[in-house]
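Here's the structure we're looking at; comments come further down.
The values are calculated or read from the model by the stated rules, or taken from the named source; none is laboratory data. This structure is a prediction, so every number in the text was calculated from the model and none was measured. Reconstructed Cβ throughout: ideal geometry from the backbone, glycine too, with neighbour counts over all protein chains shown. What goes into the accessible areas is simple: the full protein's heavy atoms, side chains included, and nothing from ligands, DNA or RNA. Shrake-Rupley method; radii C 1.70, N 1.55, O 1.52, S 1.80 Å.
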Amino acid sequence: MFNVAVVGATGAVGQEILKVLEERQFPVKKLIPLATARSAGKEIVFRGETYRVEATGPESFEGVDIAFFAGGSGSRDFALVARDKGALVIDNSSAFRLDPEVPLVVPEVNPEDARKHKRLIANPNCSTIIMVVPLKPIYDAVGIKRVVVATYQAVSGAGAAAIEELRLQTQAVLEGKEYPPQVFPHQIAFNLIPHIDIFSEYGYTREEWKMVKETRKILHDDNLAITATTVRVPVFRSHSEAVNIETKEKISAEAARELLRQAPGVVVIDDPQNLQYPMPITATGRDEVFVGRIREDISVDKGLNLWVVADQLRKGAATNAVQIAELVIRSGWL
Ligand code: 2RA
């Protein structure tokens, strides 16, 4: 049994981590829910017990075995404090993801990387996790030369305030009222915004670069060509991605479907004749990555198109983080 801290326990990801720990009966001896000073004093419920959330401080990590950092900005220094005090830190922020000393792990894809941890393991970005789970079996079977991905990302990826903004703005628009954007740069209700995180090199956003660099790190392939366009859509929960793959060897749609059916953490829903394909409402509340619309890209010799959907708060964040901890414990790598 372990003393477990959850930093950012009142946020969208932190709340989900608590839920996943409870559902998966994670061996929690003592729970320490932490947050910023602003959220300290709020109450959370875990396994039927009410806890008062404390403000995160250097002394918060005394005796902590495992610390889940939900990924809020400014938690970087505390992650290092927790690690130095002896906790295994699983960090959902982007602070350490590309650090060569820090494993970036999706348990279905690169579990062995976790073995090399120095008490700090990074959880990849949600849209990366969702994509690499179905890419991995194809990568192993036939090799991948290039990936072109467009995302359709739910507002909950931007946190609890973003969920509220979509809800209130949708109501306001329907009532013909103004609701100026606060979280997003533009109106999100009845709109799409081709802009997630800040703009960076070559006109790509940081979210797009995360998908490129993190995927290469997870698959250990710096030569993988990958380009992304990431888009915010007025969906509350679960990200979708249109993934185009150029493979090294040819694979038929049927063979890819079979591979994906066997792949850990993947559910194939692909029966277009009966209108069966995954959608955000299919994936919400689930831990698997759903794949459908599997077909050959007939514009090239060796190509595939996939439609991929997953609950980004669960598999894209909380579930993946808890699965990393389970992997480390199970493998005796703690
Ligand atoms: C988003 N990628 O959806 C973020 C969350 N990690 O905005």
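Of all beta bridges that DSSP places with both ends in the chain, some 50 percent have antiparallel geometry. Which of 25, 218, 291 sits farthest toward the positive end of the charge dipole of the chain, with +1 on the Cβ of Lys and Arg and -1 on the Cβ of Asp and Glu? The residue sitting most towards the positive pole is 25.
Using bins of 10 Å that start at zero, the share of Cα-Cα pairs per bin across the chain amounts to 6, 26, 33, 24, 10, 1, in whole %. Distance from the alpha carbon centroid of the stretch 230-300 to that of the stretch 86-120 works out to 26 angstrom.
When the accessible area of the stretch 128-312 is split by element with a 1.4 Å probe, what percent falls to carbon and sulfur? Show your work: numbers first, answer last.
Values: 4660 of 8770 Å².
That share works out to 53 percent.
Where does each of 286, 47 land when they are ordered by accessible area, with a 1.4 Å probe and the largest first?
Working: 286 95, 47 120 Å².
My answer, sorted largest first, is 47, 286.
What accessible surface, in Å², does a 1.4 Å probe find on residue 2, ignoring ligands, DNA and RNA and rounding to the nearest 10? Number for this one is 40 Å².
Residues in the stretch 44-51 carry Karplus couplings, in order, of 10, 10, 9, 6, x, 9, 8, 10 Hz; the curve used is 6.51 cos²θ - 1.76 cosθ + 1.60 with θ = phi - 60°, and Gly or Pro positions show x. Carbon-plus-sulfur accessible fraction, the stretch 22-121 (probe radius 1.4 Å, protein heavy atoms only): 46%. So for the stretch 128-312, taking the charge dipole from beta-carbon charges (+1 Lys/Arg, -1 Asp/Glu), which of 171, 240, 259 sits furthest toward the positive end? Of the listed residues, the answer is 259.
In debye, nearest 20: dipole of the chain around its Cα centre with unit charges on the Cβ of K, R (+) and D, E (-)? Can you show the working numbers first?
Working: 39 positive and 43 negative charges, 69 e Å.
Using only the charged Cβ atoms, the result is roughly 340 debye.
Rounded to the nearest 20 debye, the dipole magnitude of the stretch 131-284 is 180 debye, with +1 charges on Lys and Arg beta carbons, -1 on Asp and Glu beta carbons, and the Cα centre as origin.
Give the peptides 120-131, 318-329, 13-24, 219-230 in descending order of average Cβ contacts within 10 Å, highest first.
Working: 120-131: 27.8, 318-329: 23.1, 13-24: 21.4, 219-230: 15.8.
Highest-to-lowest ranking by the protection proxy: 120-131, 318-329, 13-24, 219-230.
When 315, 213, 136, 116 are compared by accessible area of protein heavy atoms, the largest-first order is 116, 213, 136, 315, using a 1.4 Å probe. Screening the chain for DSSP H helices whose Cα atoms reach 20 Å or more along their own axis and whose mean Kyte hydropathy is at least 1.0 gives 126-142.
Summed over the residues of the stretch 128-312 and divided among them, the accessible surface reaches 47 Å² per residue at a probe radius of 1.4 Å.
The order of the peptides 269-281, 235-247 by mean Cβ neighbours within 10 Å, most packed first, is 235-247, 269-281.
Model label sites at residue 258 and residue 146, defined 7 Å from Cα along the beta-carbon direction, differ in position by 2.9 nm.
Pairs of lysines in the stretch 128-312 whose Cα atoms sit within less than 30 Å of one another amount to 24, provided the residues are eight or more positions apart or on different chains.
The residues 119, 232, sorted by heavy-atom accessible surface at 1.4 Å with ligands and nucleic acids left out, run 119, 232 from largest to smallest.
Could you order the peptides 151-161, 293-303 from most to least packed, using the average number of other C-beta atoms within 10 Å per residue? It would help to have the intermediate numbers written out before the result.
Details: 151-161: 21.5, 293-303: 15.2.
Output ranking for 151-161, 293-303: 151-161, 293-303.
Overall, the stretch 260-334 carries a charge dipole of about 160 debye about its Cα centre when +1 sits on the Cβ of Lys and Arg and -1 on the Cβ of Asp and Glu, all other atoms neutral. Here the stretch 128-312 has an Rg and Dmax of 17.3, 55 Å, counting Cα atoms alone.
Would you work out the relative contact order for the stretch 128-312, in percent, from Cα pairs under 8 angstrom that are 6 or more residues apart? Mind showing how you got there, number by number?
Numbers: 372 pairs, mean separation 52.6, N = 185.
Once divided by the residue count of the stretch 128-312, the mean separation gives 28 percent.
Straight Cα distances below 19 angstrom link residue 85 to the lysines 29, 30, 116, 118, with same-chain residues fewer than 8 positions distant left out.
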